[in-house]
1. Counting pairs of Cα atoms in the range 219-337, how many percent are more than 22 Å apart?
2. Using a Förster radius of 30 Å, what is the FRET efficiency between R190 and L131 based on their Cβ-Cβ separation? Nearest 0.05, please.
3. If a/c stays under 1.5 just call it rounded; otherwise compare a/b with b/c (prolate if a/b is bigger, oblate if not). Do that for the range 219-275, with a ≥ b ≥ c from the square roots of the Cα gyration tensor eigenvalues.
4. What's the tally of Lys pairs in the range 39-190 whose alpha-carbon atoms lie under 23 angstrom apart, where the two lysines are 8 or more places apart or on different chains?
5. Amide H to amide H, which residues 5 or more places from V7 or on other chains are under 5 Å from it, using H placed in the peptide plane?
6. List the lysines whose alpha-carbon lies under 17 Å from that of K299, not counting same-chain residues fewer than 8 positions away?
7. Among G253, Y201, L282, flag the residue with its Cα farthest along the positive direction of the charge dipole of the range 184-337, charges on Cβ as +1 for Lys/Arg and -1 for Asp/Glu.
8. Where does the chain land at 222 nm, in deg cm²/dmol rounded to the nearest 500, when only DSSP H runs of n ≥ 4 count, each adding -39500 (n - 2.57), divided by all residues?
Amino acid sequence: MEVSFPVTLIPGDGIGPEVADAAVRAVNATGVKIDWDRVELTSDVILKAGQVLPKHVIDSLEHTHIGLKGPVTTPIAGGFSSVNVALRKRMDLFANVRPVKTLPGVKTRFMDLHIDMVIFRENTEDVYSGLEHEIVKDVVESLKIITRTASIRIARSAFTFARQGRKKVTAVHKANIMKLSDGLFLRCCREVASEYPEIEYKELIVDNAAMQLVVRPETFDVLLLPNLYGDIVSDLAAGLVGGLGIVPGANIGEKDAVFEAVHGSAPDIAGRGIANPTALMLSSVMMLGHIGERDAADKLQGAVEAVYKEGRHLPSDVGGGATTTEFTDAVVRRIES
Ligand code: NAD
């Protein structure tokens with residue numbers, strides 16, 4: 001009897017359900033047997049449950065240990081705290097891994113270059129600890145937490161990954177100013193780097209890194225960053241290869257993993273049927289690789305690349321005129337051909 005993998009599907013809100021349905025169609029077309037457990041997690045569900053992580057979501061993930069997740073809207077400057085941050089902390093998904101790669105046929109300012117970098121962003125601490133308070137009226141404090149444990153394990157993930165065919169790891173920091181917090185992060189990176197002499201190790205101050213990424217993006221290989229710089233640099237890097245519509249991601253822990261795109265819920269285009277599902281499809285490729293379904297992963301990756309190369313059914317954010325469904329139809333046709 002064929003075994004099917006249980007996976008928690010969290011469509012999310014905004015464009016989440018549109019791109020999640022597209023990704024599920026594409027994954028199912030590969031022939032892999034996935035037992036999707038679809039759970040609703042939207043701002044409405046959170047407000048009704050009075051909890052950022054309602055029990056039905058946690059129960060499902062504790063059963064499957066693998067999630068495919070669309071974005072969830074976080075209210076700005078008030079309201080409930082980020083569901084994404086809560087999930088990563090609750091499941092101890094300490095490594096946020098984001099491959100940023102040139103896709104054939106996408107018109108960008110850098111299309112003559114071959115960009116292929118992988119971002120390793122620490123996912124559980126830094127200013128995302130959510131420790132903020134008002135000391136006196138109009139004076140607030142936000143705490144940046146950096147620990148040796150979290151810094152060592154993200155550095156080790158980056159170097160272990162680099163050992164499988166990469167050449168260089170660049171640690172990004174601001175230790176010239178935050179000597180204690182970023183200083184500790186950097187010391188941990190150096191310590192781990194010394195265990196991997198075959199991998200070139202470099203350090204860049206974050207502002208210089210931002211400039212170098214724009215001027216020489218093709219020279220970056222693996223990037224290793226604390227949480228906030230990783231968040232910002234991910235979007236910058238996405239912009240180099242054609243935008244948020246195409247960059248996938250994974251949140252990986254010791255036992256559990258949740259795969260999700262870099263982009264958010266894109267309220268400006270939600271419900272219009274034009275969202276680009278590539279990022280979540282490529283996150284699904286990472287998920288298939290993670291569960292050992294290499295053939296299905298290669299099929300889906302190949303189909304997405306073929307549709308981009310052909311260029312006739314590209315979504316509007318990458319210069320085409322196809323709807324979410326038309327693009328997905330083209331990917332599914334490729335898989336089935
Ligand atoms: P966003 O990523 O949602 O959108 C930024 C821009 O990119 C918008 O113009 C949007 O239309 C475009 N875009 C994003 N994804 C796209 C896609 N797949 N196809 C085509 N265009 C796409 O960022 P934002 O506007 O800063 O955030 C909106 C909401 O999403 C906020 O509430 C934020 O907190 C949340 N968010 C959630 C996650 C997550 O769930 N992991 C991540 C980032 C942001």
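1. In whole percent, the long-distance tail amounts to 38.
2. 0.65
3. On the way: a/c = 2.24, a/b = 1.34, b/c = 1.67.
Note, shape of the range 219-275 comes out oblate.
4. So the count of such lysine pairs works out to 11.
5. Residues meeting the amide H criterion: D35, W36, D37.
6. K33, K309
7. Going by the Cα projections, it comes out as L282.
8. -12500 deg cm²/dmol
The values are calculated or read from the model by the stated rules, or taken from the named source; none is laboratory data. Please read these numbers as outputs of a predicted model, since none were measured by experiment. When we count neighbours, we look across all protein chains shown, and the Cβ atoms used for this are built from the backbone with ideal geometry, even at glycine. Accessible surface areas use protein heavy atoms only, side chains included; no ligands, DNA or RNA. Shrake-Rupley method; radii C 1.70, N 1.55, O 1.52, S 1.80 Å.
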